[in-house]
Amino acid sequence: MAGEREFDCDLVIIGAGLTGLSLACWLLELSAQKQQPLPTLHLLEPRKEYHNDRTWCFWDSEHHPFRHLISHRWPHWQVSSGERSVSQSSEQTPYAMLPAGSVYQHALARIESCPGFSLRQGITVEAISDSADGVLISTNAGQWRARAVIDTRPPEATRVDEKLGFWQVFTGYEIHCPGHGYDAGMAKLMDFQPCQEHICFMYLLPLDRDNLLVEWTAFHPGGEWPDCQARLEAWLDERGFEDYTVTRSESGKLPMMPVSPSRQQGRIVRAGVGGGWMRAATGYHFSNCQRNCAELAGQILAAAASGHWHFHPPESRKHWLDWMDRVFLRALRRHPETAPDWFLDLFSATTAEQMARFMNDQPRWGDAVAVAAALPSIPFLRAVMP
Ligand SMILES: Cc1cc2nc3c(=O)[nH]c(=O)nc-3n(C[C@H](O)[C@H](O)[C@H](O)COP(=O)(O)OP(=O)(O)OC[C@H]3O[C@@H](n4cnc5c(N)ncnc54)[C@H](O)[C@@H]3O)c2cc1C
């Protein structure tokens, strides 16, 4: 830890989850590519051990430092409700899965191999304050001084407004179930389930002939949380799954709502879900996170070269897309019972490539027009008004 005026390192990244680790890997990749010097970097992370605690899925269309670790690709995907189903197919932009365990292992090894980088585990940041020439970071294990900070902690409760969206709550099991019978090329993104209080669906990814990821998901307005695990187990019972073994489980509670901006430029920048990078209308974050980390890594390398430690937030997602999402979430909150029809209409009126771009936060104007045209005009025009 530092004395009064010296720095422990150029840059501190608070939190070594998806964003913190991605940013470190992008820094290593871009510095090698551009032959630019790396800053000295400390990542401060509370967890003492990493587990394979989640999978990241997205439409696989772009380069990123973890692309070679993708474990599964599905060229077909489907949304369904009762007897009705809509499928889309793309060999070019398949739906893909990245196990967190592989990402953690790869990123930790890359960080370990870089002399100027250091991952400090068991460290919880309690406060940060900046001055004219640096940032003071107070933790459970003392203080750090750095020239700049990227803060990837989750958003504070005061920065999300649940009246503007939903919580996406889910519990998933990876199960070993020999000969389960599901098509290994088809990702079932949403199979809507009858639900009184909120929007519920099963998410089902066949991993091979004998293994599946099955997840019960709810878009929930807040209040009393649904018991997703009980719903998932009831669904497995109803479907006659008997001889299965749970090999891994995951659960989450993601804010599908705008995250209000906090401190967004200067020596301290928020990043990741806490920086509003996750897409409010979908809960997808991975692809946008990679784009934003690439941009931020470019800014950091430029700062290390110039000595001018001042960042601005990456803005890879268009503002009009955030506006469309707000309207969509408002309409969905007012008419949750129509969600299955709206999602099925959306997938039937768009091409696979349009949907992949739209879901990956990279729609063209034509994609946005196709999406808007697929949805009923009256509830959506009304939802333009708060
Ligand atoms: C089970 C699960 C499955 C998901 N699946 C997908 C998916 O398929 N596709 C997709 O796009 N998105 C998915 N998401 C959403 C999102 O991509 C992930 O939540 C992702 O991990 C968010 O990245 P992040 O860096 O913002 O947060 P995190 O990965 O959670 O990283 C934040 C880090 O900050 C650390 N931290 C917290 N408090 C402090 C503190 N006080 N001091 C220091 N460090 C701190 C945490 O320990 C953590 O390591 C999923 C989320 C979950 C929970």
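Reported count of residues in segment 143-187, each being assigned to a strand (DSSP E or B) and among the basic types (K, R), is 2.
Yes/no per residue for (1) of a type outside the set (A, V, I, L, M); (2) within 30 Å of E224 (Cα to Cα); (3) in contact (Cβ under 8 Å) with a residue 40 or more places away in the chain:
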{"site": "H106", "(1), (2), (3)": "yes, no, yes"}
{"site": "Q121", "(1), (2), (3)": "yes, no, yes"}
{"site": "S131", "(1), (2), (3)": "yes, no, no"}
{"site": "P155", "(1), (2), (3)": "yes, yes, yes"}
{"site": "R159", "(1), (2), (3)": "yes, yes, yes"}
{"site": "G165", "(1), (2), (3)": "yes, yes, yes"}
{"site": "Q168", "(1), (2), (3)": "yes, yes, yes"}
{"site": "E174", "(1), (2), (3)": "yes, yes, yes"}
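Of the residues examined, G276 is not one that is in contact (Cβ under 8 Å) with a residue 12 or more places away in the chain, farther than 30 Å from L136 by Cα and within 11 Å of the ligand (Cβ to nearest atom). Of all positions in segment 34-52, at least one carries a residue that is away from the ligand (no atom under 16 Å from the Cβ) and free of Cβ contacts under 8 Å to residues at least 24 places away in the same chain.
If you take the residues of segment 203-227 that are farther than 20 Å from H335 by Cα and under 20 Å from the mean Cα position of the chain (by Cα), which of them is surrounded by the fewest Cβ atoms within 10 Å (Cβ to Cβ)? Taking the candidates together, the pick is Y203. For first residues located in segment 246-263 and farther than 21 Å from Y203 by Cα, partners that are hydrophobic (A, V, I, L, M, F, W, C) and within 11 Å of the ligand (Cβ to nearest atom) and lie 6+ apart or on another chain with Cβ distances below 9 Å form the pairs V259/V273; V259/W277; V259/M278. For segment 275-285, state whether one or more residues are in a helix (DSSP H, G or I), of a type in the set (G, A, S) and at pLDDT 95 or above. No; the residues of segment 275-285 include none that is in a helix (DSSP H, G or I), of a type in the set (G, A, S) and at pLDDT 95 or above. The residues in segment 346-373 that are buried (at least 18 other Cβ atoms within 10 Å of the Cβ) and of a type in the set (D, E, K, R) can be counted, and the count is 3.
Can you confirm whether G266 is surrounded by 14 or more Cβ atoms within 10 Å (Cβ to Cβ), within 16 Å of the ligand (Cβ to nearest atom), within 26 Å of V125 (Cα to Cα) and not assigned by TED's automatic domain parsing to the domain that holds M359? Answer is no for this residue.
The values are calculated or read from the model by the stated rules, or taken from the named source; none is laboratory data. Everything quoted here is computed from the prediction, not taken from an experiment. For neighbour counting, all protein chains shown are included, and Cβ atoms are generated from backbone atoms with ideal geometry for every residue, glycine included.
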